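Participant: The structure's right below; bear with me while I get my questions together.
The values are calculated or read from the model by the stated rules, or taken from the named source; none is laboratory data. Everything numeric in this text was worked out from a predicted model, so none of it was measured. Cβ coordinates were reconstructed from backbone atoms using ideal geometry, including for glycine residues, and neighbour counts include every protein chain displayed.
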Amino acid sequence: MNHERGTVSSAICRRSSNQEGMTYVGLLLAITLIGIATTALTPMWSTMVRRDKEAELLFRLGEYRRAIALYRQDHGRYPAKLEDLLEDKTQLQVRRYLRRIYRDPMTGQTDWKLDFIVDKTGAIAGITDLHSRSEAEGFMNIAGKGNRYRDW
């Protein structure tokens, strides 16, 4: 009887170690598949993030351009600095053309490339437009402006 029990227990031990080996192989296969899927999704994810930043850049440029146009309409001149768009106390009621100074989503900085108008004496008369300082090319090609962020 003891001999039979020894045979059964050794068979169980062998089967148990085979199952552990298969579990290990299955785990390695799962990790490999997850790695391949992650590698395949990374470019797609970075493209989505970049497109979101482009949309945010267009929104922020639009907000600045609208604020500059409204400021000019109210004052007959362009703002001397971006901060002039935040709080205008020259009228009876305080007017805010912008709620805050936006960061450039492409650079993460508030150092926009500003376009100025110069008066007859050569002094800067105000800000007419602004652009991103990023040299990168965008996915979109803005009509008449090209596809570099600095040209938008």
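Participant: For region 141-152, which residues satisfy the criterion of being among the aliphatic types (A, V, I, L, M) and either in a strand (DSSP E or B) or closer than 19 Å to ARG72 by Cα (or both)?
Facilitator: ILE142
Participant: What's the total number of residues in region 16-57 that are under 30 Å from ASP84 (Cα atoms) and touching a Phe, Trp or Tyr at 6+ places or on another chain (Cβ under 7 Å)?
Facilitator: 2
Participant: Only residues that are touching a Phe, Trp or Tyr at 6+ places or on another chain (Cβ under 9 Å) and more than 14 Å from TYR149 (Cα to Cα): list them for region 104-128, please.
Facilitator: Those that are touching a Phe, Trp or Tyr at 6+ places or on another chain (Cβ under 9 Å) and more than 14 Å from TYR149 (Cα to Cα): THR110, PHE116, ILE117, ILE124, ALA125, GLY126, ILE127, THR128.
Participant: If you don't mind, another one. What about GLU63, is it within 15 Å of TRP152 (Cα to Cα), assigned to a helix (DSSP H, G or I) and touching a Pro at 6+ places or on another chain (Cβ under 7 Å)?
Facilitator: So GLU63 fails the test.
Participant: Can you name the condition, by its number, that ALA80 falls short on among (1) under 30 Å from VAL49 (Cα atoms); (2) in contact (Cβ under 8 Å) with a residue 12 or more places away in the chain?
Facilitator: Among (1) under 30 Å from VAL49 (Cα atoms); (2) in contact (Cβ under 8 Å) with a residue 12 or more places away in the chain, the lone unmet condition for ALA80 is (1).
Participant: For region 24-41, check the following and say yes or no: at least one residue is over 26 Å from ILE142 (Cα atoms), polar (S, T, N, Q) and modelled with pLDDT of 85 or more.
Facilitator: yes
The rows are residues; the columns are (1) more than 16 Å from the chain's Cα centre (by Cα); (2) surrounded by 14 or more Cβ atoms within 10 Å (Cβ to Cβ); (3) assigned to a helix (DSSP H, G or I); (4) of a type in the set (Phe, Trp, Tyr).
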{"site": "GLN91", "(1), (2), (3), (4)": "yes, no, no, no"}
{"site": "GLN109", "(1), (2), (3), (4)": "no, no, no, no"}
{"site": "LEU114", "(1), (2), (3), (4)": "yes, yes, no, no"}
{"site": "GLY122", "(1), (2), (3), (4)": "yes, no, no, no"}
{"site": "ILE127", "(1), (2), (3), (4)": "yes, yes, no, no"}
{"site": "LEU130", "(1), (2), (3), (4)": "yes, yes, no, no"}
{"site": "PHE139", "(1), (2), (3), (4)": "no, no, no, yes"}
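The rows are residues; the columns are (1) touching a Ser or Thr at 6+ places or on another chain (Cβ under 6 Å); (2) among the hydroxyl-bearing types (Ser, Thr, Tyr); (3) over 19 Å from ILE68 (Cβ atoms); (4) modelled with pLDDT of 90 or more.
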residue: LEU85; (1), (2), (3), (4): no, no, no, yes
residue: ASP88; (1), (2), (3), (4): no, no, no, no
residue: LEU98; (1), (2), (3), (4): no, no, no, yes
residue: THR107; (1), (2), (3), (4): yes, yes, yes, yes
residue: PHE116; (1), (2), (3), (4): no, no, no, yes
residue: SER132; (1), (2), (3), (4): no, yes, no, yes
residue: LYS145; (1), (2), (3), (4): no, no, no, no
residue: ASP151; (1), (2), (3), (4): no, no, no, yes
